[in-house]
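For reference, the structure is listed below as structure tokens.
The values are calculated or read from the model by the stated rules, or taken from the named source; none is laboratory data. These numbers were taken from a predicted model, which means no experiment stands behind them. With ideal geometry, Cβ positions are generated from the backbone for all residues, glycine too; neighbour counts draw on all protein chains shown.
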């Protein structure tokens, strides 16, 4: 039997967000607090305090689902793969259950986004949904026929830690007819994957490797790429705003970002072939991505036609917190 009140928590790198849903899925409360930095026990205490304060305000207890920036290891029960690295190796589920004196369900934050949007959002009714977090980190989650696909290793959809597919442009006019042209620059595409400049500049990732999709497509990765090409040290949202205003250096940075996102999502389409890809996280607010990226990805997708939809989240860039609440839908 579904609970009468569901609490969802999104445990992000910079904020912890709580939502309360009634039995019909209607939002009745939402709160945010800053995430304690590099302090596991303070993070557990902050989540517990949010729940306890909400229950006091609403006058009733509820179920608790938590979206995390990693996964609970099926082998050890400890957290792994979290870009909030203080969570790694910790018994987060057990500690939250002890603090809250009830069962708690955990899922990867991108799985929560995909579940939220598949349930009653931008991907409602779709058979297969891929949810993408483009924020402090980059994650992916898969929902098939309304159910989260976790995988035997609890890493299904961990797209952010696959390598970015590379590509290379060359400006040889004689080759343009057979190889196609970049829509922005007109340069001929001679080798549509490897890009030596990206390979040489591949950023280091907290996971210990270099060149992960997360290091290029996260908010910090977007900002770092702008600096790498001689731009000012600006936060990601300001780069996007200036690009939309026509400022050349920021426009160039956003064009590189769009090309990389198209390549990376083409790999998802080739492997999973989802009906809908939903973007979440702060960078999902860049409206032009939904037009530019589908225009770019056909050259990388192994199909004569691409019907996959790329959509913004109906429930906003923090839709995943609703998905955390829906972990108790049955």
statement: Going through region 146-169 in order, the residues found to be within 16 Å of residue 262 (Cβ to Cβ), modelled with pLDDT of 90 or more and in a loop (DSSP other than H, G, I, E, B) are 162
message: So, in region 60-101, exactly how many residues are on the phi > 0 side of the Ramachandran plot and over 17 Å from the mean Cα position of the chain (by Cα)?
response: 3
- line: Restricting attention to region 15-42, the residues that are under 22 Å from residue 85 (Cα atoms) and in contact with a strand residue (DSSP E or B) (Cβ under 7 Å, 6 or more places away or on another chain) number exactly 8
message: Quick check on residue 265: is it in a helix (DSSP H, G or I), crowded, with 23+ Cβ neighbours inside 10 Å, under 16 Å from the mean Cα position of the chain (by Cα) and assigned by TED's automatic domain parsing to the domain that holds residue 243?
response: yes
message: Here is a list: 132, 143, 64. Which entry is touching a residue at least 12 places away in the same chain (Cβ under 8 Å), closer than 20 Å to residue 22 by Cα and crowded, with 24+ Cβ neighbours inside 10 Å?
response: 64
query: Is at least one residue of region 270-289 touching a helix residue (DSSP H, G or I) at 6+ places or on another chain (Cβ under 6 Å), buried (at least 24 other Cβ atoms within 10 Å of the Cβ) and modelled with pLDDT under 95?
result: yes
